[in-house]
1. Just a yes or no: is a residue in segment 390-398 surrounded by fewer than 23 Cβ atoms within 10 Å (Cβ to Cβ) and free of Cβ contacts under 8 Å to residues at least 40 places away in the same chain?
2. Could you list, in sequence order, the residues of segment 139-176 that are more than 20 Å from residue 119 (Cα to Cα) and within 13 Å of the ligand (Cβ to nearest atom)?
3. Return the pair list, or none, for Cβ contacts closer than 6 Å from residues in segment 145-169 that are part of a loop (DSSP other than H, G, I, E, B) to residues that are of a type in the set (Val, Ile, Thr) and surrounded by 14 or more Cβ atoms within 10 Å (Cβ to Cβ), at least 6 apart or on different chains.
4. Only one of (1) outside any strand (DSSP E or B); (2) of a type in the set (S, T, N, Q); (3) not assigned by TED's automatic domain parsing to the domain that holds residue 100 is not met by residue 403, so which one is it?
5. Just to check your reading of the model, which residue among 106, 88 is exposed (fewer than 15 other Cβ atoms within 10 Å of the Cβ), in contact (Cβ under 8 Å) with a residue 40 or more places away in the chain, out of contact with any strand residue (DSSP E or B) (no Cβ under 8 Å at 6 or more places or on another chain) and among the polar types (S, T, N, Q)?
6. Read through the list (1) more than 13 Å from the ligand (Cβ to nearest atom); (2) farther than 20 Å from residue 269 by Cβ; (3) small (Gly, Ala, Ser), then give the number of the only condition that residue 132 fails.
7. Which one is modelled with the highest pLDDT, of the residues in segment 399-410 that are crowded, with 24+ Cβ neighbours inside 10 Å and touching a Gly at 6+ places or on another chain (Cβ under 7 Å)?
8. Can you tell me which residue in segment 221-243 is farthest from the ligand (Cβ to nearest atom), limited to those that are in a loop (DSSP other than H, G, I, E, B) and touching a residue at least 60 places away in the same chain (Cβ under 8 Å)?
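The values are calculated or read from the model by the stated rules, or taken from the named source; none is laboratory data. As the structure is a prediction and not an experimental result, all values here were calculated from the model. As a convention, Cβ positions derive from the backbone with ideal geometry for all residues, glycine included, and neighbour counts pool all protein chains shown.
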Amino acid sequence: MTYVIREALEIAAEDNLAELLARRRRLLGPNVPTFYEHPLHIVRGNGVWLWDSRGRKYLDCYNNVPHVGHCHPRVVEAIAQQCGTLNTHTRYVHDAILEYFEKLLTKFHRQLGSGILTCSGSEANDVALRMAQVFTNRTGIVATDNTYHGNTALVSQLSDKNAHIGGDASNVVRIAAPVGQATRYQDMPEDESQCFAGSVSDAIALLESRGRGCAALIVCPYFANEGFPALPEGFLSLACARVRAAGGLVICDEVQPGFGRLGSHFWGHERAGIQPDIVTLGKPMGNGHPVAGIVARSDVLAAFRRVFRYFNTFGGNPVAVAAARATLETIEDEGLVDNALRTGRYARQQLRHLAGKWPVLGAVRGSGLYFGVEICDVDCLPDPRLASRLINAMRHTGVLVSTTGRFGSLLKIRPPMPIAAEEIDMLVDSLDNSLRSMQ
Ligand SMILES: Cc1ncc(COP(=O)(O)O)c(C=O)c1O
């Protein structure tokens, strides 16, 4: 631990970190979030590696946006080529966006037949909600309470994590996200699937009593931001049936689990065994270039287009599409979904092995390359303080991870998709060494 503290002080001094942070505060305003007690000044990336301003190398086990690896040459080349040829917007006819959708839609059930491109996941969710509202002619929305779907006025109502300016919207009801059975310290309710569906029914009844009706249930099918609880197969099916019976639509936010990260399936909703009416996409879609979007039932999207027309100056421009297409092709050509399945399994096996040695390591869970381990105290209760100390210690060993979950006690591990078994070994060694340094 002494080593860790000395290292941190050296970083702060050599890097003029304090000065950079003061400039950020002055120019960007207060409370701009940073990772780690001693924030990183990253200047370069390649594959699963990042370098700071002192030339120190970090294994990136956190960033899911550089999906096919930081600065993947194929994506860089596609962006550069298109940038040097043309960049306009969707009011001109362009074939690239059509070719992209033709390819993307093959990844979905045929019922989802058209889409819209936006610049962020927040915009995609905002549009998805409005699509459901127009289509159903109702305004009520059911969401889970402890997630994050983005930052527009409408979307920020979907989580208790954000302040709701002007109070809670009466057309949104947030229900408790599932807890799952994989924690050491919480018993799963008898049938969590029934329980969750019951909460959805109660929310629908409340929305109906307010004259709002049910337009949609929006969920991340992996409950990624809620700590990806281990849930029984078919967990969401009953809840979706209740929504449909009330005339609402099901929106799956695939911003986190999508594009093959879960290894077993290309989309989180496939893994969950449900068929959504609308799917939203983001983060990994353009490997860091701002591309996000919505894929929906054609009748739902057409209803929205008739009312809103919808134009987004930058959404779906040729450069964004080039980035998205190169990303999708790289996922396929490099077999990254298989890698997520294989390497993710290996990682969880190694973490379970380590958990046998350290009692503070609780349940290891997740799927593909989206996984984590609960950090517990001596009573097997969630220990967010220790989790925070751990990620800071790991950062000083050159490995980047973060925390998530309702209590902030789950180590969140989501590396770029090409990560190899040797790099997983470095991650596990870093966790082991960091735990030892704290003794
Ligand atoms: C599940 C989920 N949906 C939507 C968003 C918002 O995406 P963006 O930051 O691109 O607006 C996020 C961002 O973290 C997210 O995790």
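1. yes
2. Across segment 139-176, the qualifying residues are 143, 144, 146, 147, 159, 161, 162.
3. 149/155; 159/147
4. (1)
5. Result: 88 is the single residue among 106, 88 that is exposed (fewer than 15 other Cβ atoms within 10 Å of the Cβ), in contact (Cβ under 8 Å) with a residue 40 or more places away in the chain, out of contact with any strand residue (DSSP E or B) (no Cβ under 8 Å at 6 or more places or on another chain) and among the polar types (S, T, N, Q).
6. That leaves (2) as the condition not met.
7. The selected residue is 410.
8. 230
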